[in-house]
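Right, one structure below, let's go through it.
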Amino acid sequence: MRRAVAALLLLLAGCGGADESGPTLETIAARFVRGGLADVIVLTSLDRLPLREATLVMPDGERVPAYSIDVDPHPATAQVPGEATLLSTPGTPRQSAWINTMASTALIRLPDPVQYAKNWRRSRIELRLGDPGSGERDVTLAAPPSPPS
């Protein structure tokens, strides 16, 4: 996963039109991981704000909070691709861009995988990003499809 994040950050670093704080990448996804636990939803967030809360809301109103939330608070840096970088001698200083992004991961264990498989289309995931006083944002995602049995 770190390679995928690094590749995306590298691509963004080369994009023009960014403000002086640098380019940002804001993506949030919910899925079941192949080969992982079949009863755990994995949420990933690449955003300038850290993920602070994640809750699965079932159609009957039952709320299942994430049992684990991890945030990598260190902003990433990526080398800026360009002709000078491609033609430079090894060891030559390279240009870097600061990517104002944090990587967050949350895990939500399904209380009843059989019920979830029947009702996942009517379920949703509510997220809170950021901290009070420094900018918060609420996001609602559709629940991911139930993994095949």
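The values are calculated or read from the model by the stated rules, or taken from the named source; none is laboratory data. Just so you know, these numbers come straight off a predicted model, no measurement behind them. Cβ: placed from backbone, ideal geometry, glycine included. Neighbour counts: every protein chain shown.
Can you tell me which of (1) hydrophobic (A, V, I, L, M, F, W, C); (2) over 14 Å from the mean Cα position of the chain (by Cα); (3) at pLDDT below 55 is the one MET1 doesn't meet?
In the conditions (1) hydrophobic (A, V, I, L, M, F, W, C); (2) over 14 Å from the mean Cα position of the chain (by Cα); (3) at pLDDT below 55, MET1 misses (2) alone.
Among the residues of the range 58-78, is any exposed (fewer than 11 other Cβ atoms within 10 Å of the Cβ) and modelled with pLDDT under 85?
Within the range 58-78, one or more residues are exposed (fewer than 11 other Cβ atoms within 10 Å of the Cβ) and modelled with pLDDT under 85.
If we keep just the residues of the range 33-67 that are assigned to a strand (DSSP E or B) and small (Gly, Ala, Ser), which is farthest from the chain's Cα centre (by Cα)?
Restricting to residues being assigned to a strand (DSSP E or B) and small (Gly, Ala, Ser), the top hit is ALA54.
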